[in-house]
Amino acid sequence: MGLTPAQGEPVGDAPTADGSSFSSPLPLPLDVLDGTFAVSNVGLITGTGSGPTTPPKYHNGRWYEFVAPATTSVVITLNSAFDNALEVWTADGGLVGVNDDGAGYPNARLTVHLTAGTAYRFAFAAVSPGHTGAGTVTIRPAAVPSAPTDVVVTPADRQLDVTWTAPQSIVAGWDVYCAASGGAAAPCGTAGAASTSTTITGLTNGTTYDLTIVGRNSLGAGQGSTPVSATPRATTDVTLSTDPVSLVSGEPFDVAATFTRSDGVPVTGTVTFSIGDATYGVTIEDGTARIVGLEMPAGAWPVSVNLPAADDRTAATTSGSLVVDRAAQTVTLDPIGSLTYGDAPVTVAGTATSGGALTFTGTGACTVDGTTLTVVAAGDCTVTAAQAGTTEIHPATADRTVTVAQAPQSISLELPALVYDETAPVVVSSSLDLPVDLTASGACVLTDGDLTATDVGPCTVTATQAGTDDVAAATPVTLTTEVGRRPQEVTIAPIADLLFSVGPVALTASSSLGLPVTLVGEGACVVVDGALHTIASGECTITAEQAGDAYTLPAVASTTIRVVGTGTSASLQLNAGLGAPAAGASATVRAVGMLPGSELVVTVYSTPRELARVTVGADGTAGTTVVLPAGLEAGDHRLVAAGVGLDGVAASAELGFAVDASGRLVRIGDSVLVRAAALAVTGTDGTLPVATLAVVWLLLGAALVAWRRRVA
């Protein structure tokens, strides 16, 4: 039985464990309490204790400590050249025994009764204070070992594993004896003193052995244990496998159990397979038992294999699970054509190798209801076809992603024809009814979709539609229209036909745009400062003109009226009475209905003398005052006013008068100055009575008619 290591540490106030005192013992330098070791107390100068119960008892002691491995007795002997002494104490200070000459002078010897588990200390000391030197300590058991108990033998492959309980004895080692099949026992193994187990190898599997355990020490072999019988057997490893490795529902497979003995001997016999609820007995061939052509539904099926024991081998068993997977299937999704936002729904289709029905889903830019795919946006449309599978078939899916293109769009743009300062709506639209942006440049501006011409010239409008996430931008459309000058209308206030003799008539003419208007009269009239003046009889054409400007077209309006001539007439009046001197007498001449711009000529006859020449005014009138010249001959004379009428025909009027020899007026027209004798009148052949002498007014019209007749 081995020793428990000593404390070997300082105790109490001892600085080190050097064996120099009871409180600092050295560990016993033996594995068992059966042996000899060298010792020395040189250099140790210690006194004795203070009493018989207090260590040390002797001088110069070298102290050692051990723990009793068993309740037994040992003999401790000291050998040295000086008179030595032995003292033994328990570690807690209890005196066990002392001796100085038990082995004969000078050596001490002491038999010590030990209690298992108790710590003991002893000193190699000197009887006298001055004795030091080297020596030896011998510890021997007091008896041979007792028989071990509780022997257990465990068979293994070509070996036996043995355990036992050590007796209360000092054991220096163990011997194992084997007897095969009732034969003679022979040593077959050993073990160290501290051991209580060993393994006996090199045995034959299937052979029964009787094992005996014997302890020994320096006194000899002890009593043997009661023999225990055991038979070594090989162990067998079992490996389960399937072919193929991965099992699938509906597909046949093999299950194999491979057996391998620890001693390499081939395994034979019959094994039992349990798979699910079925049991199979299978013969081992070439170390393998195999079941061929199994088919199992999907699931985890328990499997176990049992190999019964034989004389030379142990039984073997293993268990596990056969995991049968569901069969795989493949889903194929038919190609999906190109898609554009706004397209009509399309049909999706696909197949599964299992023949099962497919369900379709759409994500992203599309949805799928049943087999109908509807585009909901532009972007990636992912269609997934799924087959749900069964208890024996795995589900499967297939995806296909198609990019949905943005919907195309176009812009329709129509520009109105415009003139300056005109506003009209622009007709524009997107083919997808999206709002269209308009910009204008040049001779126009845009306000809320209405185009207003701000100048004359090119007006350019551009329509754009930027699109959306789902609609592509439209190709911009640009149109140019030419902005023209604006039209205007000139109107002349209505005017009735006029008599030539009326005074100026105010005319009213206007432009529809409020621009200044110029009036012109032609024919029987003229326009002066906006007033109409008649200058003849006949048609009078009034023209109103507006010349326009950079932004406005010119405009003209005209109207024609008729100028009706008043009667062409004249008056001639001598401003002197009968009997007044003719020379120097004034005469007033006034004509109306004359051709404006022509001349009215006043002449006195018989010998023609021109008295005045007057231009006819624009109103067709002319007037003047003339003076009769001196030197008129006695007789009849005529005062004649001649000119041109409105109708362009020459006309004249005359006033007859007579002068007597004294140069006095004796007749004016039909008025005659009556005297005793008749006066001779130039150009007449009679006399005029004084009673009828008067101022005569002749209607020029009558004179003209008469004149015209004469001309004719």
Q. Just in segment 410-493: which GluC sites (Glu not before Pro) are loop by DSSP and have at most 14 other Cβ atoms within 10 Å?
A. GLU489
Q | Local electrostatic count, ASP470, Cβ distance below 14 Å [Lys/Arg +1, Asp/Glu -1] | A | -4
Q) What's the extension gain from GLU522 to THR340 if we count 0.36 nm per residue and subtract their Cα-Cα distance? A) 57.9 nm
Q. Per-residue accessible area for THR332 at 1.4 Å probe radius, Å² rounded to 10?
A. 70
Q) What is the spin-label model distance, in nm, from THR318 to ALA417 if the labels are put 7 Å beyond Cα along the C-beta direction? A) 10.3
(Q) Could you sort THR447, THR132, THR212 by their accessible area in this structure, using a 1.4 Å probe and putting the largest first? (A) THR447, THR132, THR212
Q. Taking the Cα centre of each part, how many Å lie between segment 328-353 and segment 253-320?
A. 51
(Q) Among DSSP bridges having both ends in the chain, what percentage is antiparallel? Round to the nearest 5. (A) 95
(Q) Please report the spacing between the Cα centers of segment 445-489 and segment 623-676 in Å, no decimals. (A) 86
Q.
Between (i) 1.72; (ii) 3.11; (iii) 1.06, which entry matches Cα Rg over 2.2 N^0.38 Å as derived from the coordinates of this structure?
A. (ii)
Q.
Heavy atoms of the protein only, probe of 1.4 Å, neighbouring chains included. What is the accessible area of PHE22 in Å², nearest 10?
A. 40
Q. To the nearest 0.05, what FRET efficiency results for ASP380 and ALA278 with a Förster distance of 45 Å applied to their C-beta separation?
A. 0.30
(Q) Order ASP34, ASP286, ASP92, ASP325 by their accessible area, 1.4 angstrom probe, all chains in place, largest first. (A) ASP286, ASP92, ASP325, ASP34
(Q) Can you tell me the orientation of helix 700-711 relative to the chain, as the angle in degrees between its alpha-carbon axis and the longest Cα principal axis, to the nearest 10? (A) 70
Q: Whole Å is fine, so just give me how far the alpha carbon centre of segment 498-567 lies from that of segment 371-419.
A: 77
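The values are calculated or read from the model by the stated rules, or taken from the named source; none is laboratory data. Being a predicted model, the structure only gives us computed values, none of them experimental. Please note: Cβ atoms are built from the backbone with ideal geometry, for glycine as well, and neighbour counts cover all protein chains shown. Ligands, DNA and RNA are excluded from the accessible area calculation, which covers all protein heavy atoms including side chains. Shrake-Rupley method; radii C 1.70, N 1.55, O 1.52, S 1.80 Å.
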